[in-house]
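Written below as structure tokens is the structure these notes are about.
The values are calculated or read from the model by the stated rules, or taken from the named source; none is laboratory data. Computed from a prediction, not measured in an experiment: that's the story for all the values here. Quick reminder, even Gly has a Cβ in these numbers, built from the backbone with ideal geometry, and neighbours come from all protein chains shown.
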Amino acid sequence: MGPEKLAVTVLFAIALYNSIELVILVFVTFTRYTGLYFWSLLLSAVLGVIPHALGYMLNFFRLAPDGLAITMSTIGYWFMVPGQSVVLYSRLHLVVQDPQVLRRMRLLIIVGSIVFIIPTTVTTYGTVFTDNEDIIRAYNVIERMQLTWFCIQEFILAGIYIYQTVRLLRLNPDKTARRRKIMYELLAINVVIILMDISLLVIEYLGLYVIQVTLKSAVYSIKLKLEFAVLGKLVSLVNLHAASAPTSAETGDFPTFVDPSQIHGDITHATATTPTGRGRSPRSPWHTRTISLESLPASVTRARSALSDLRTRNAVP
């Protein structure tokens with residue numbers, strides 16, 4: 001096996017391993033299978049990276065008819081590339097409160113997918129089943145255009161997330177070391193995603209088609225795993241806010257016949273029946289690593305409440 005075949009095999013193996021591992025982690029972590037974040041993450045791996053990698057691998061090693069191999073890789077492309085943007089979008093509302101921004105990002109993803117998926121698919125099949133030079137040239141142009149577009153689209157989504165994360169770091173009133181560490185980790189993950197997109201662009205414009213195609217599957221599988229890491233960080237961040245949120249006794253929101261000095265703890269929630277360590281902690285959908293998919297919208301509400309608290313306490317008159 002030559003160096004090129006060895007490199008292709010290694011990259012496809014990385015893509016398949018990461019995708020299969022991610023599918024297992026998703027089903028182990030989530031107990032209810034609903035929500036945009038869950039389905040975008042799962043479909044990007046199962047119907048995206050896996051068939052994309054297998055299709056190109058079958059085509060590269062001539063293990064299947066061209067029609068079957070290209071169909072598999074094309075279906076994988078539909079779910080893998082736009083799917084990554086949907087994954088980024090599905091967690092954007094945790095830090096962005098402006099509905100107009102979210103609406104514009106959603107429209108950007110939909111329009112971009114329609115505009116570039118159709119011509120990319122047509123020219124891909126055209127290069128396989130015809131020898132028309134015009135179609136081949138069209139494919140080379142549209143391939144670079146669609147890769148550039150989706151990379152820019154991900155830059156915008158990740159850039160908004162990075163901007164809001166930095167903003168929250170500056171607004172954070174308590175500035176606990178743990179909270180700041182999580183925010184910096186979220187920031188670093190988004191920067192890594194952008195750098196991987198840039199690497200794909202550079203390889204594409206250098207004309208290294210085989211490397212770009214094989215590397216794309218591996219890169220997108222890594223980005224999906226990083227997205228799963230982002231979910232874990234968001235869980236930790238919301239848990240920190242829940243643990244540090246003021247109780248009713250602290251806010252003084254009581255009827256006149258209640259003496260706040262005689263109240264200890266949070267009377268708005270029932271006490272947990274299961275001890276955790278030496279004491280008891282507030283229970284929430286984010287409390288454990290096993291996350292209900294129906295709890296994801298609840299977590300969004302809690303995260304929004306946390307962000308609203310930060311903005312309210314740090315608002316400049």
Any chance region 74-84 includes a residue that's assigned to a helix (DSSP H, G or I), more than 17 Å from the chain's Cα centre (by Cα) and over 22 Å from Gln153 (Cβ atoms)? no
Taking region 56-67 and keeping residues assigned to a helix (DSSP H, G or I) and either of a type in the set (Phe, Trp, Tyr) or modelled with pLDDT of 95 or more (or both) leaves Tyr56, Phe60
Residue ID - surrounded by the fewest Cβ atoms within 10 Å (Cβ to Cβ), chosen from residues in region 215-229 that are closer than 19 Å to Thr9 by Cα and in contact (Cβ under 8 Å) with a residue 60 or more places away in the chain: Ile222
Ile118 is checked against (1) surrounded by fewer than 18 Cβ atoms within 10 Å (Cβ to Cβ); (2) farther than 23 Å from Arg144 by Cβ and fails just one. What number does that condition carry? (2)
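Of all residues in region 1-35, how many are under 17 Å from Leu215 (Cβ atoms) and either in contact with a helix residue (DSSP H, G or I) (Cβ under 6 Å, 6 or more places away or on another chain) or surrounded by 17 or more Cβ atoms within 10 Å (Cβ to Cβ) (or both)?
Result for region 1-35: 8.
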Being closer than 23 Å to His93 by Cα and either surrounded by fewer than 19 Cβ atoms within 10 Å (Cβ to Cβ) or free of Cβ contacts under 8 Å to residues at least 12 places away in the same chain (or both) is the filter here; which residues of region 36-68 pass it? Leu36, Trp39, Leu43
